[in-house]
Amino acid sequence: MSKLWKEFSKGLWKELPPFKLVLGLCPVLAVTNTANNGLGMGAAVIFVLTLSNLLVSLVRKAIPAKVRIACFIVIAASLVVAVELLMQAFSYPLYQQLGIFVPLIVVNCIILGRAEAFASKNPPLLSIADGLGMGIGFTMSLTFLGSLREILGQGTWFGMHVTWDGFEPFGFMVQAPGAFVSLGVLLALMNFMENVRRKRRGLKAVEGPSHDCGSCGACGSSSKC
Amino acid sequence: MKEMIKMVVVLSVLCAISGSGLAALKQVTEPIIEEQVLTYVQAPAIESVLTGYDNDPIKDRKKFEYDGQVVMVFPAIKDGKLIGVALETASKGFGGQINVMVGFDVAAGALSGIGITTMKETPGIGSRVAESGFTAQFQGHPLKMVELKSKGGDIDAIAGATISSTGTVNAVQNALAIYNSLKDQFAQSWS
Amino acid sequence: MQEYFLLFIGAIFVNNIVLAQYLGNCPFIGTSKESGVAIGMGAAVVFVATMAAAITWLVQAYILVPLGLGFLQTLAFILVIASLVQFVEMFLKKMVPPLYKSLGIFLPLITTNCAVMGIALICQREELDLKTTILFSFASGLGFMLALVLLAGIRERLAVRRLPIAMRGTPIGLVMAGLMSLAFFAFKGMI
Amino acid sequence: MRPLQPLALTVSAPPHRHCGVTVRGRMGNILLAMAPAVVMAVASFGVSGFRVMAMAVAAAILTEAVCDKFMDRETQIHDLHAAVVGLSFAFLLPASAPWWLAAIGSAISIVLGKMVFGGLGGSPFCAPLIGWAVCRLSWPLFMDLDASMLNVELTYPLAQLKNFGLGFVSVTDLGQLFMGRQLGGLGAVQIAGVLIGGLYLILRKHISWIIPVGVIAGALITAALFNAADPNVYAPATFHVLTGSMMFGAFFLATDGPSSPNRRIPMLLFGLLIGVMIIIIRVYGVYPDGTPFAILLASLFTPVFERIRPKPFGVR
């Protein structure tokens, strides 16, 4: 039980996907213009990630090593198509908002990265815990960033008016430059806080996690990178 | 060799399973999706631009040909008589295409209103063309001289969003052109 | 001719694939630390994106649509792109070793570069024809390369500056990307 | 990011020139050069103009002090760079800008345009332009000069050109434009004042003449080409040069040390690129005055221009 919890909870803070591992930047930047979009995208990712982890883990012994990436891609892509259909059928406005970023979940590093790094080596239950934890962490981050950008940029939160009258929305935040800058500043703040903590313990200041192609699990796995 | 066969078998089985599973899902969701598209994209706009009808404009829709393109037209019928039509046109805005549903009042020979169906304008700036303050200007507007004030018409552009305003007006002008050339066909096909 | 020119300019500057459409951000931030790497990655993306968009267009038009399998687009596209990348890698290794040497290490990264898949999907959504698809994807690839090379040039210079320690690495890359995107707003509304 | 090794030979942050001039002295001279335009701005826009400038300068200095505190560094506000950034930013604002716009924009200029890159000399952009661009995106209503200044008899020639065409521009008399009888950025449109300040800076060798000349030449040539194509649609070249913030951009913003190249040919190309882009944005873009965006864009190309360099000695 404690192991299950450990795998689940690591995605929530210690390895928080977009902020600590800097994974899957495209949706993090593109669909976080409102909190609602962030939440919706996160829900789609939870669905795909958990099920793909489960399926990969179930078939992990039957798959020959050479074609494992192809198999992972087929599994992930099928799930993404399923999400696309379900989202169109039951939440069409969200599907319109997210646009091509729904099909693009398939190339999100998190999906293939977790399949390769975790699910292909662990039993189904643990894989589900891992996928669920990572997915929820991803959703939390997206919703947080979405809330930040929506409140500052439009003065609303989940479509509700939350700012005082006469508030002039900071439109920069909901546009492309604001997406990059706010994520960059957020990462810097996290590094800053980490360094303040380290300083208190008498440790040397460090740079934050860097985004290398190595940290992107799928690239690392696809071959020699 | 044995491994090779295994590889091929595994991949084909996987593809077959996922293919058939998705096909089944598609079968189930297809009618729901079609309905969703109409409800979320066209219906709200149609409702806002047509009034006083007792039919279902979406169910009675018909396709017409204009300038080599297919135009879908939604009729508003009351007591078996065509009182209005709505059709959707598009024009280029600041962030991409702006789709506008334009309603026509057949009897009065005027616009009965416009509604924005889809657009990618900047939230809070260009997106204000979808707000009632802007769209209300088109309500009851006669069928000529639909143009921004800066170009000699009587439509107030949204401050700071000239491009989006112009795009919307252009779409309305397109709709006007279509309506003018097809209005006799409309009268025939729903009478 | 003029519309092709506008499409070309638009895809490179106005709707830059990374800076305005948020596609391909992982490699954009990840491989923009040195100019040499950036040029290699950019060239590889231009090459693969153009081929991928053309092939996926053919797949969509001649396989998926006739068979009524349009909903499998995502699945088909990712498989096409993944195998294309593998194939290109093998081909270059055998036939054009010098090119392989410079592009080779970037090719595997491209499978999960959402710019490639994104460009193919945009071409489908905008319903471009084959000729336009090839031109658009080539221009979008060039836009990616331009943004990547410019960012790399600046980050090389930033590497020797006294940045605040919390900003070093990814954060400054993101902030720089944001400011670049801001500067690219200069092209807004040009087409 | 390669780690900085203490013993490795690294190039320190620009400016690299050493001629006995301190940063403080240089910045003081720039402020002095801006003084004529300040006087003219106050004369033409009254107290509201002065209020915007004071607010922006104060906000810039305060923000820099706070940032230095957070970054655990000794504060550098006495080098006057923050004041220059704040004043330059205010020069681009309309006189009607609300106080919070001046304050926030000025703070953004300092934070995003300077401090995140580690203070003076680190930024690849000219700081005030970042603040201007962010505000232009966020609050176009307040930055829109025409909408906010309806009660003044002055007009904004560039917006008239953009929205209504050349025939509607009310002030085309070059002498009037030269004396700042037009709307636009507070100080930026005081062409005469800006020109005096710019020439002073060039004579005192604080800035090189190449970039301003490049900018103006690029703009003149491009605008003349457009004008030759159809004089009824495209404004004459001299009109373009004397309107908006082109002069101010050419002398004060484009010549910002770290964001512009520092060899002759790259400098000239940099200036020409800015000039050409200004006219292209004014003709095709959505913004009436393209100067700030043109300079931002050209700064992106600075590292590329810097690749044009003389061959190292002994290399064939």
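Here are some notes:
- Boolean, C:LEU109 is in contact with a helix residue (DSSP H, G or I) (Cβ under 9 Å, 6 or more places away or on another chain), under 25 Å from D:PRO261 (Cβ atoms) and facing another protein chain (nearest Cβ under 10 Å): no
- Counted residues, the range A:1-38 - those being surrounded by fewer than 20 Cβ atoms within 10 Å (Cβ to Cβ) and touching a Leu at 6+ places or on another chain (Cβ under 8 Å): 4
- With respect to the stated conditions, C:PHE13 fails to be modelled with pLDDT of 85 or more, within 14 Å of chain A (Cβ to nearest Cβ) and within 20 Å of C:LEU158 (Cα to Cα).
- Counting only residues that are facing chain C (nearest Cβ under 7 Å) and either aromatic (Phe, Trp, Tyr) or under 19 Å from the mean Cα position of the chain (by Cα) (or both), the range A:165-177 holds 1 of them.
- Verdict on C:VAL45 being surrounded by fewer than 22 Cβ atoms within 10 Å (Cβ to Cβ) and within 14 Å of chain A (Cβ to nearest Cβ): no
- Any hit, the range D:139-147, residues being within 29 Å of D:GLU74 (Cα to Cα) and modelled with pLDDT of 85 or more: no
- The residue of the range B:50-94 that is surrounded by the fewest Cβ atoms within 10 Å (Cβ to Cβ), among those that are basic (Lys, Arg) and outside any strand (DSSP E or B), is B:LYS59.
- Some residue of the range A:146-161 being free of Cβ contacts under 8 Å to residues at least 60 places away in the same chain, touching a helix residue (DSSP H, G or I) at 6+ places or on another chain (Cβ under 8 Å), surrounded by fewer than 20 Cβ atoms within 10 Å (Cβ to Cβ) and at the interface with another protein chain (Cβ under 9 Å from one of its Cβ atoms): no
- Per-region count, the range B:35-80, residues out of contact with any helix residue (DSSP H, G or I) (no Cβ under 6 Å at 6 or more places or on another chain), within 14 Å of chain A (Cβ to nearest Cβ) and farther than 24 Å from B:ALA136 by Cα: 2
- Number of residues in the range C:149-178 that are closer than 21 Å to A:GLY178 by Cβ and among the charged types (D, E, K, R): the value is 1.
- In the range D:224-244, the residues that are surrounded by 16 or more Cβ atoms within 10 Å (Cβ to Cβ) and either closer than 17 Å to D:ILE295 by Cβ or among the acidic types (Asp, Glu) (or both): D:HIS240, D:VAL241, D:THR243, D:GLY244
- Among the helices (runs of 4 or more DSSP H) confined to the range D:69-149, the ones with at least 3 residues that are away from chain B (no Cβ under 14 Å) are located at D:81-92, D:99-113, D:127-138.
- Residues that are surrounded by fewer than 24 Cβ atoms within 10 Å (Cβ to Cβ) and within 14 Å of chain D (Cβ to nearest Cβ), drawn from the range C:136-149: C:MET145, C:LEU146, C:VAL149
- Test: residue in the range A:101-118 that is surrounded by fewer than 19 Cβ atoms within 10 Å (Cβ to Cβ) and either more than 14 Å from chain B (Cβ to nearest Cβ) or basic (Lys, Arg) (or both): yes
- Every condition in (1) part of a helix (DSSP H, G or I); (2) surrounded by fewer than 18 Cβ atoms within 10 Å (Cβ to Cβ); (3) without any contact (Cβ under 8 Å) to a residue 24 or more places away in the chain; (4) not aliphatic (A, V, I, L, M) is met by A:PHE172 except one, and the failing one is (2).
- Qualifying residue in the range C:163-185 (condition: at pLDDT 85 or above, more than 7 Å from every other protein chain (Cβ to nearest Cβ) and farther than 15 Å from D:GLY113 by Cα): yes
- Whichever residue in the range B:100-140 is at pLDDT below 80 and polar (S, T, N, Q) and, among such residues, is surrounded by the most Cβ atoms within 10 Å (Cβ to Cβ): B:THR122
- Of all residues in the range A:65-74 being in contact (Cβ under 8 Å) with a residue 12 or more places away in the chain and facing another protein chain (nearest Cβ under 7 Å), the one that is nearest to B:ILE33 (Cα to Cα): A:ILE73
- Selection status of A:GLY113, modelled with pLDDT of 90 or more and closer than 20 Å to A:PRO27 by Cα: no
- Single condition C:ASN25 does not satisfy, out of (1) within 24 Å of C:ARG157 (Cα to Cα); (2) crowded, with 20+ Cβ neighbours inside 10 Å; (3) more than 9 Å from every other protein chain (Cβ to nearest Cβ): (3)
- Entirely in the range D:257-309, the helices (runs of 4 or more DSSP H) that have 1 or more residues that are under 22 Å from D:LEU120 (Cβ atoms) and within 11 Å of chain C (Cβ to nearest Cβ): D:291-300, D:302-305
- Qualifying residue in the range B:145-167 (condition: of a type outside the set (Asp, Glu), in contact with a Gly (Cβ under 9 Å, 6 or more places away or on another chain) and over 29 Å from A:GLU150 (Cβ atoms)): yes
The values are calculated or read from the model by the stated rules, or taken from the named source; none is laboratory data. Given the structure is predicted, the values throughout are model-derived calculations rather than measurements. When we count neighbours, we look across all protein chains shown, and the Cβ atoms used for this are built from the backbone with ideal geometry, even at glycine.
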